[in-house]
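Here the structure comes first, spelled out in structure tokens, and everything after it is commentary.
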Amino acid sequence: MLSKRLAIIFSFISADTVVLSRIEPATSNLGPGLEHDIRPEILEKPTSKADNLRMLLDMNGRSCEVVTGVSVVFPILTAPGYAIKSMDERSIVHFADNPVSLLEAYVDNGEGLDRAGGFAVQGLGGMLIRKVDGDWHNVVGFPAAAFFKFLEILVEEEDDFLAVD
């Protein structure tokens, strides 16, 4: 019965990850005309190789923030009949000061085209990264440790969460 209840609850979980640029002084020495004025923006999947290169140039020698939000919807006995609880996990990705030729080669490879922010830290994009502050798994895709801690808190604090009839 509990496993059936878990299956029902887990069908009402939603998660999404976004990459946010950060305003900070650049450490990049790309030269005049290649330094970009960074304004915070949500970095979605690049629309083209040119867009991918723009994103990587903006983050080169700087940092971005990877934020994953997770919401769990579960049934309760009082109106409206469900509760929604959410959590977020944040990690900071610090880019190395990479030569433009390396960024162009990475973009030509195409790996970053299907990734928010235009890079895959677990793949070839890892060579562009100096360090990650926070949960590396959050940057790769899903912060499992934080999610299971979140579930543990829900079990302890929410009477209706995983209630078995």
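Quick rundown of the values:
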| quantity | calculated |
| --- | --- |
| Any hit, region 102-109, residues being touching a helix residue (DSSP H, G or I) at 6+ places or on another chain (Cβ under 8 Å), β-branched (Val, Ile, Thr), within 16 Å of Leu154 (Cβ to Cβ) and open to solvent by less than 30 Å² (accessible area, probe 1.4 Å) | no |
| Subset of region 112-131 [open to solvent by less than 40 Å² (accessible area, probe 1.4 Å) and under 21 Å from Asp88 (Cβ atoms)] | Ala116, Gly117, Phe119, Val121 |
| Residue within region 45-59 that is farther than 19 Å from Phe161 by Cα and at pLDDT below 80 present | no |
| Where a residue in region 63-85 is farther than 29 Å from Asn98 by Cβ and its partner, wherever it lies, is aromatic (Phe, Trp, Tyr) and at pLDDT 90 or above, with Cβ under 6 Å and at least six apart | Val70/Phe147 |
| Residue selected from region 78-101 under the condition touching a helix residue (DSSP H, G or I) at 6+ places or on another chain (Cβ under 8 Å) and part of a strand (DSSP E or B), by the criterion farthest from Glu152 (Cα to Cα) | Phe95 |
| Of all residues making up region 62-76, the number that are at pLDDT below 90 and surrounded by 19 or more Cβ atoms within 10 Å (Cβ to Cβ) | 1 |
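The values are calculated or read from the model by the stated rules, or taken from the named source; none is laboratory data. All of these numbers come straight from a predicted model, not from anything done at the bench. When we count neighbours, we look across all protein chains shown, and the Cβ atoms used for this are built from the backbone with ideal geometry, even at glycine. Areas reflect the complete protein model, heavy atoms only, side chains present, ligands, DNA and RNA absent. Shrake-Rupley method; radii C 1.70, N 1.55, O 1.52, S 1.80 Å.
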